[in-house]
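Here's the structure, in structure tokens; my notes come after.
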Amino acid sequence: MPGNETPLRVVLFDFGGVIAEEGFRDGLHAIARANGHDPASLHRAGIDAIYACGYVTGQGSEAEFWRILRQGFSLRDDDATLSNIILEHFIVRPEMIALVRALRRRGLACAILSDQTDWLERLDRRDGFEREFDRVYCSYRLGKSKRDASLFDDAIADLGVRPGEAVFLDDDPGNVERACSRGLHGIRCSTTAGCRGELLQLLGFGPLE
């Protein structure tokens, strides 16, 4: 993690696992249990499939994602039902939305930077969270995922700040490492309370209203 001599101006949030519950994992676990499969195995296969078919970067489809998963796992429901199970498990965390609002009141810009498909837009139509942020960067629309560290360069350039003026929050340690490799501050969010506390400490803020 870079030093903190430069005042922070931007906070970048992952969506699933930070702003919301990790619905992709939790949804696939529920699907696995309903179909008699090992939850961890289906989740790992799901991650591989969503990148392999290009759905996460807008170059593949939802149907192709499920087609690949069905090659290794028998799944009783149709694609739409399975996708809805995943979406139902993305539950926005009110405490994180409250944090975003407090940070923006303090003058910081807040953005989502997420490896998500067009499911993110469907979730926003349901929950209306995008209006809480200054920017939303979604891999499906950008054609590039956080597995490509240059995505962080792109987001920082668009926000008009230097890397050391931004901090990135994600539950995936690989994504945090790639953000730090591009000069951003990084926080791995294993718990909401811990993530929030580490961010406020980095910012040098006391209790937020």
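Bear in mind that the values in this text are calculations on the coordinates, not laboratory data. Since this is a predicted model, take the numbers as computed values, not measurements. Glycine also receives a Cβ, built like all others from the backbone with ideal geometry; neighbour counts cover every protein chain displayed.
Full extension from Leu87 to Gln201: what is 0.36 nm times the residue separation minus their Cα-Cα distance, to one decimal in nm?
Details: separation 114, 0.36 × 114 = 41.04 nm, distance 3.26 nm.
So the extension gain works out to 37.8 nm.
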| query | Over the chain, one equal point on each Cα, no solvent: what is log10 I(q)/I(0) by the Debye formula at q = 0.09 Å⁻¹? | reply | -0.35
| query | For the range 55-209, with only Lys/Arg (+1) and Asp/Glu (-1) charged at the beta-carbon, what is the dipole magnitude about the Cα centre, in debye rounded to 20? | reply | 300
| query | Along the positive direction of the dipole of the chain (beta-carbon charges: Lys, Arg +1; Asp, Glu -1; about the Cα centre), which of Gly143, Pro39, Leu184 reaches farthest? | reply | Leu184
| remark: Taking N as the residue count of the range 56-116, its alpha carbon Rg divided by 2.2 N^0.38 Å gives 1.64
| task | Only helical DSSP H runs with n ≥ 4 go in: add -39500 (n - 2.57) per run for the chain, normalise by residue count and round the 222 nm mean residue ellipticity to 500 deg cm²/dmol. | result | -14500 deg cm²/dmol
| message | Run the simple label-point estimate for Ser150 and Ile47 please: 7 Å along Cα→C-beta, distance reported in nm. | response | 2.4
| note | One finds, for Arg131 and Gln59 with R0 = 25 angstrom and r their Cβ-Cβ distance, a FRET efficiency to the nearest 0.05 of 0.35
| said: Would any residue of the range 84-102 have its amide N under 16 Å from a label point 7 Å out along Cα→Cβ of Thr192? List them or say none. | reply: 89-102
| query | Quick one: Cα centre-to-centre distance for the range 163-178 and the range 41-76, in angstrom? | reply | 26
| remark: The answer for Tyr137, listing residues at least 5 apart or on another chain whose modeled amide H is closer than 5 Å to its amide H, is Ile112, Leu113, Ser114
| Difference of contour (0.36 nm per residue) and Cα-Cα distance, Ser181 to Asp79 | 33.0 nm
| task | For an R0 of 35 angstrom, estimate the FRET efficiency from the Cβ-Cβ distance between Ala34 and Leu142 and round to the nearest 0.05. | result | 0.60
